[in-house]
Amino acid sequence: IFSEMTSEFVKLANRTKQIDDAVVYSVKPLSGAEIQSLSEVFAKKAGVTSLRVENVIDMDLIGGVKIRIGNRIYDGSVSGKLSRIERQLAGENR
């Protein structure tokens, strides 16, 4: 129960400070400048003043980035784009 209380306290503190956590998936480690740029752009989309970014390496993306903020996912990866194209083509052939 202590870990649940701690987690809830962190969420409330973050909400008060208008900070959110983001996980950025990329093929290679991102530089500090790249992380800062993503943080600034996506903080506005998330409606917060800043994001605490964790960079996770995911070779399955092929290229680009995928960003998870809470339950929202912004997919700008090559594999995500290919998947969307595949779904569009499959829908047109029906």
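Here are some notes:
- Only helical runs count toward this figure. For the chain, summing -39,500 (n - 2.57) over DSSP H runs of n ≥ 4 and dividing by all residues gives -16000 deg cm²/dmol at 222 nm.
- Which label in (1) 18.3, 60; (2) 16.9, 54; (3) 16.3, 54 gives the computed Rg and Dmax of the Cα atoms in Å: (3)
- Relative contact order, percent, segment 1-91 [alpha-carbon distance under 8 Å, six or more residues apart]: 30 percent
- About its Cα centre, the dipole of the chain is roughly 300 debye, where the only charges are +1 on Lys and Arg Cβ and -1 on Asp and Glu Cβ.
- Computed with a 1.4 Å probe over protein heavy atoms only, the accessible surface of segment 1-91 comes to 69 Å² per residue.
- Residue-by-residue Karplus 3J(HN,Hα) for segment 14-26, coefficients 6.51, -1.76, 1.60, Hz, glycine and proline x: 5, 4, 5, 7, 6, 10, 9, 9, 9, 10, 10, 9, 8
- Per-residue extension of 0.36 nm, minus the Cα-Cα distance of Ser3 and Lys44, leaves a gain of 11.8 nm for this segment.
- Counting only protein heavy atoms and a probe of 1.4 Å, the accessible surface of segment 36-82 is 53% carbon and sulfur.
- For the chain, with +1 on Lys and Arg beta carbons and -1 on Asp and Glu, the positive-most of Ser31, Ala46, Val56 along the dipole: Ala46
- Spin-label pair Arg84-Ser31: with each label point 7 Å from Cα along the Cα-Cβ axis, the two points sit 2.7 nm from one another.
- Crossing angle, helix 32-46 versus the chain [Cα axis fit, 0-90 degrees, rounded to tens]: 90 degrees
- Degrees separating the helix 78-92 axis from the principal Cα axis of the chain, which is the longest one: 50 degrees
The values are calculated or read from the model by the stated rules, or taken from the named source; none is laboratory data. Since the structure is predicted, the reported quantities are computational estimates derived from the model, not experimental observations. FYI the Cβ positions are ideal-geometry reconstructions off the backbone, even for glycines, and counts take in every protein chain you see. Side chains included, ligands, DNA and RNA excluded: accessible areas come from the protein's heavy atoms. Shrake-Rupley method; radii C 1.70, N 1.55, O 1.52, S 1.80 Å.
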